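Have a look at the structure below, then the notes.
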Amino acid sequence: MNNENIIEIHKLKKSYDKGKIKALNGIDLEIKKGEFVSIIGPSGSGKSTLLNMLGALDTADEGTINVAGVDLTKSRDLSQFRSKEIGFVFQLHNLIPNLTVLENVQIPMLETHLSSEKREERAMELLKSVQLEDKVNQRPTKLSGGQRQRVAIARALVNHPSIVLADEPTGSLDSKTGDIILDLLKDLHKKENVTLVMVTHEPYVANLAERSITVKDGKIIEEKINT
Ligand SMILES: Nc1ncnc2c1ncn2[C@@H]1O[C@H](COP(=O)(O)OP(=O)(O)O)[C@@H](O)[C@H]1O
Ligand SMILES: [Mg+2]
């Protein structure tokens, strides 16, 4: 594995329904540490399947996938890999409704050995970065869609992951709110020094990344550097 690469995928294949649905049909992809890459393609092209594989939420049928120095086809402790290396942001924020904003953000840290003071301090730091310091004691149900997504971003970053995986992070927001979320992701990618991989089906969103990868029918059909 090249030292600069945090992600290396070779000839990755994944099918569902006993091989009837070929979701990924031979993916080769390398992503450098600290890069911001977008994955774009039509609905059903395999974007989420690919992202889920990167986060070890799903396993490969064939090929190799190495993420942050871990061979995901061989590793046994994928949940430890996930909590240490990966932050997820989904289209729907997946916050827990009966916990406060501050508690939600601390969830990924519960398995760490940090004291409760340290956990709270780190959660507060991120909630300040997403400009929600005045909402920390609210429940997510009291927040707007954009605010909820900001909480989800804070939660994704709280454990200092090396990679943030965002699947259509603005998919359920109006375009103005979506733009605020995208700016925030871009800023935090720099500030927190993480590798950011974002799935989208909108070209203008994909173009915000340093590099865009187009997927169709489970294959990469184009790669371009954005200027
Ligand atoms: N858990 C699953 N079971 C069966 N088929 C699936 C599953 N997940 C995805 N698929 C199928 O795999 C293909 C790729 O899906 P997906 O990765 O979700 O595409 P995208 O995110 O680009 O819309 C689609 O045909 C989809 O229906
Ligand atoms: Mg999808």
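The values are calculated or read from the model by the stated rules, or taken from the named source; none is laboratory data. Every value quoted in this text rests on a predicted model; they were computed, and no experiment measured them. Neighbour counts are summed over all protein chains in view; Cβ atoms, including those assigned to glycine, are modelled from backbone coordinates with ideal geometry.
Quick look at the values:
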read-out	value
Residue match in the range 86-102 (condition: within 19 Å of the chain's Cα centre (by Cα), more than 21 Å from P169 (Cα to Cα) and either modelled with pLDDT under 95 or of a type outside the set (S, T, Y) (or both))	no
Selection status of S48, within 11 Å of ligand 2 (Cβ to nearest atom) and within 13 Å of the chain's Cα centre (by Cα)	yes
Test: residue in the range 18-25 that is exposed (fewer than 14 other Cβ atoms within 10 Å of the Cβ), within 16 Å of ligand 1 (Cβ to nearest atom), under 20 Å from the mean Cα position of the chain (by Cα) and of a type outside the set (V, I, T)	no
Residue tally, condition surrounded by fewer than 21 Cβ atoms within 10 Å (Cβ to Cβ) and either in contact with an Asp or Glu (Cβ under 8 Å, 6 or more places away or on another chain) or hydrophobic (A, V, I, L, M, F, W, C) (or both), over the range 189-219	5
Of residues in the range 65-124 being in contact with a helix residue (DSSP H, G or I) (Cβ under 8 Å, 6 or more places away or on another chain) and among the polar types (S, T, N, Q), the one farthest from V136 (Cα to Cα)	S75
A60 vs. criteria within 16 Å of ligand 1 (Cβ to nearest atom) and surrounded by 17 or more Cβ atoms within 10 Å (Cβ to Cβ)	yes
The range 26-42, residues that are part of a strand (DSSP E or B) and either surrounded by fewer than 17 Cβ atoms within 10 Å (Cβ to Cβ) or not aliphatic (A, V, I, L, M) (or both)	G26, D28, E30, K32, F36, S38
The range 149-162, residues that are at pLDDT 95 or above and surrounded by fewer than 21 Cβ atoms within 10 Å (Cβ to Cβ)	S162
Condition check for T112: touching a Ser or Thr at 6+ places or on another chain (Cβ under 9 Å), in a loop (DSSP other than H, G, I, E, B), within 16 Å of ligand 1 (Cβ to nearest atom) and closer than 29 Å to N5 by Cα	no
Looking only at the range 164-180, and only at residues there that are surrounded by fewer than 22 Cβ atoms within 10 Å (Cβ to Cβ) and more than 16 Å from ligand 1 (Cβ to nearest atom), the one that is nearest to L208 (Cα to Cα)	D179
The range 127-140, residues that are under 10 Å from V151 (Cβ atoms) and modelled with pLDDT under 95	V130
